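None of the figures in this text is laboratory data; all of them are computed from the coordinates on show. Since we're looking at a predicted model, the values are computed, not measured. Ideal geometry is used to build each Cβ from the backbone, glycine not excepted, and the neighbour counts take in all protein chains shown.
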Amino acid sequence: MPQAFIFDLDGVITDTAELHYQAWKRLADSLEITIDRDFNEKLKGIGRMESLEKILALAPDQQNLSQELKDALATKKNDHYVDLLKMINEEDILPGIKALLMRIRKEGIHVGLASASKNAKYVLSELGLIDQFDYIVDAAQVSKGKPDPETFTRAADYFGVDYNQCIGIEDAPSGVLAVNGAGMFSVAVGSAEALGHAHYRVDQTSQLDFDTIIEAYSVE
Ligand code: G16
Ligand code: MG
């Protein structure tokens, strides 16, 4: 049996990617930069500042901005995002996740969160899930974001368990790299095209079944 399950937040527990997109779009519009949902795919699992850099890179007239101005832009986006987060509730938990969390807890296995979001705790509170997690690692606690393994290893270190006894669940290619880099068993949610490097993969969260994951983990 594994000793810990460590979950990514956006795209696994809930789909905040659309809200991130709306908040970035509002900021980008104000800078006369055009972004669409396809472009937003590139921002999944990537930190706030890195996302801003990718957006600014689209505009030749927005190069060489001062760090102060970039910070102000990132704060503005976050204000839009936090406004949108006020609307989410328990109904926004992705299918199958609640049942999976309950089963893991029933088995006495640690449950951790490894998110690139500085709003991770707030999101979990809004979803009514904060009590389901034994430990939460968010972007504020790590020096190197995904694809560096640190976000995941932090949770395992807190639990005091070996990395090869942990299962990391992710939806982003950079997140799967982080789990694999930690020496953990990676479970991915999403397309084979993007997530072929995961040890085990499903298309949707509703297909995340505890027994099937344990079986895949055991044969690896
Ligand atoms: C999430 C999202 C990213 C977002 C990042 C930072 O990561 O996938 O798109 O840029 O958090 O979020 P914030 O601006 O709230 O700090 P994850 O790791 O939960 O998928
Ligand atoms: Mg994610």
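Which FRET efficiency value, to the nearest 0.05, is calculated for HIS197 and GLU90 with the Förster distance at 30 angstrom and r the Cβ-Cβ distance?
Working: r = 33 Å, r/R0 = 1.09.
FRET efficiency, HIS197 to GLU90: 0.40.
Roughly how tilted is helix 97-106, in degrees to the nearest 10 and between 0 and 90, from the longest Cα axis of the chain? Orientation of helix 97-106: about 40 degrees from the principal axis. Please give the Cα centre distance for the range 49-92 versus the range 131-153, rounded to the nearest Å. One Cα centre to the other: 21 Å.
Using label points projected 7 Å from each Cα along Cα→Cβ, tell me how many nm separate GLU107 and VAL82, to one decimal. Result: 3.7 nm between the two label points. Computed over the range 1-160, relative contact order equals 30 percent, with contacts defined as Cα pairs under 8 Å that lie 6+ residues apart. Summed over qualifying helices (DSSP H, 4 residues or more, each -39500 (n - 2.57)) and divided by its residue number, the chain shows a 222 nm mean residue ellipticity of -13000 deg cm²/dmol.
Give me the angle, in degrees from 0 to 90, between the Cα long axis of helix 210-219 and the longest principal axis of the Cα atoms of the chain, rounded to the nearest 10. Tilt relative to the chain: about 80 degrees.
Here the label points at GLU220 and ILE130, each 7 Å from Cα along the C-beta direction, are separated by 3.1 nm in the simple model. As a rough footprinting exposure proxy, the listed residues VAL111, VAL82 were ranked by other beta carbons within 10 Å of their own, and the order from fewest upward is VAL82, VAL111. Close amide H partners of ILE136, meaning residues 5 or more places away or on another chain with modelled amide H under 5 Å apart, are LEU113.
If each residue's Cβ is checked for other Cβ atoms within 10 Å, how do THR151, THR16 rank with the fewest at the top? Present the calculation step by step, with values, prior to reporting the outcome.
Details: THR151 29, THR16 25.
If I rank by nearby Cβ atoms, fewest first, I get THR16, THR151.
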